[in-house]
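Novice: To start, I am sharing the structure in question, which I have written as structure tokens.
The values are calculated or read from the model by the stated rules, or taken from the named source; none is laboratory data. Small disclaimer: the values here were computed from a predicted structure and weren't measured. Cβ atoms come from the backbone with ideal geometry, glycine included; neighbour counts cover every protein chain shown.
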Amino acid sequence: MHADGSDQPGAAVSELFSLLSSTDRRRILAELQKSSLRLNEIAKKFDLAATEALRQVHRLTQAGLLEKTTDGRFRATALSSLVLATVSPMVAVAKFREFFLDHDLSVLPIEFRSRLGDMVDCTLLRGTVQVFDTVTRSLTAAKKKIDASIEVGYDPILEVMRHRSEEGLRVRWLAQEGALPMVLKALRSTSKKPEIRVVSRLTWHVYLTDLSAAVGFRRLDGAMSYDIAFSGDSPSFLSWASDLFDRGWGEGKEWSRSVKD
């Protein structure tokens, strides 16, 4: 606390959270990490009215997160890169506070917890029907690959993945040991089988394609949650989900036993 009674560091933190609570401002900051843009280019890229683009850019510039170059372009400052890396996870935690109160993400490796900001633009699917319908549509629309972790077998989803594997997509299943009987049953009479690895216990479930991803976690009581999950198609979320799946895949044991009809 300062002599005038104000909590200046606390006020600065609050200001940063307020700035990054806007999806448009986060998207502008993230884009300008890659290259500088003129105001009209920012407005066009993010489908913003010129006045709204000016307002957002002005706020970010006043906060020291953007700067204007001599040729009239706006670019990200070194401070903005640091702010995005440190504050974005907290923005995600604040946005999905109710979810995190009931689910245990302490099991996530620290490198994934530090990247929770990659989830900030996700949609939180609610209800088993919405979760499985969304996953089924995602798997059906996949163009190149499907990665899925399976704790319990759900026939329609397994059938879709089996069918996509036969169509030539690269399909990888990371199965919990208890799900193997259902997985192997789904593969009977299948000419082209997916790659399978097995772990003793999954701590999260991931359904990932080249176009979108859905990720769920265990509740505080240890039960896997299938009635609520994060879904998204942003490049940052797809990268996060892909790295998470690959982490589990690397820890799994190859399933080399042949599947008999």
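Novice: Before we move on, is Val206 touching a residue at least 40 places away in the same chain (Cβ under 8 Å) and among the β-branched types (Val, Ile, Thr)? Give the derivation first.
Specialist: Values: touching a residue at least 40 places away in the same chain (Cβ under 8 Å): yes; among the β-branched types (Val, Ile, Thr): yes.
Answer is yes for this residue.
Novice: Here are Trp204, Trp173, Trp240: which of them is modelled with pLDDT of 85 or more, surrounded by 18 or more Cβ atoms within 10 Å (Cβ to Cβ) and in contact with a Gly (Cβ under 7 Å, 6 or more places away or on another chain)? Steps first, answer last, please.
Specialist: Values: Trp173 fails: in contact with a Gly (Cβ under 7 Å, 6 or more places away or on another chain); Trp240 fails: in contact with a Gly (Cβ under 7 Å, 6 or more places away or on another chain).
Criteria check complete, one pass: Trp204.
Novice: Condition first: acidic (Asp, Glu) and closer than 17 Å to Thr70 by Cβ. Now tell me which residues in the stretch 25-40 satisfy that.
Specialist: The first filter runs over the stretch 25-40 and keeps only residues acidic (Asp, Glu), leaving 31.
Selection gives nothing.
Novice: A follow-up question, please. For the stretch 1-106, which fully contained helices (runs of 4 or more DSSP H) count at least 3 residues that are surrounded by fewer than 17 Cβ atoms within 10 Å (Cβ to Cβ) and of a type in the set (A, V, I, L, M)? Break it down stepwise before answering.
Specialist: Working: elements: 8-20, 23-32, 39-45, 50-62, 78-95, 97-102.
Of the helices (runs of 4 or more DSSP H) lying wholly inside the stretch 1-106, those with at least 3 residues that are surrounded by fewer than 17 Cβ atoms within 10 Å (Cβ to Cβ) and of a type in the set (A, V, I, L, M) span 8-20, 78-95.
Novice: List the strands (runs of 3 or more DSSP E) inside the stretch 132-225, counting only whole elements, that have at least 3 residues being under 15 Å from Ser242 (Cβ atoms).
Specialist: Details: elements: 145-150, 170-176, 195-199, 204-209, 213-217.
Ranges flagged: 145-150, 170-176, 204-209, 213-217.
Novice: Of the conditions (1) crowded, with 21+ Cβ neighbours inside 10 Å; (2) more than 17 Å from Arg137 (Cβ to Cβ); (3) in contact with a His (Cβ under 6 Å, 6 or more places away or on another chain), Phe245 fails just one. Which one is it?
Specialist: Condition not satisfied by Phe245: (3).
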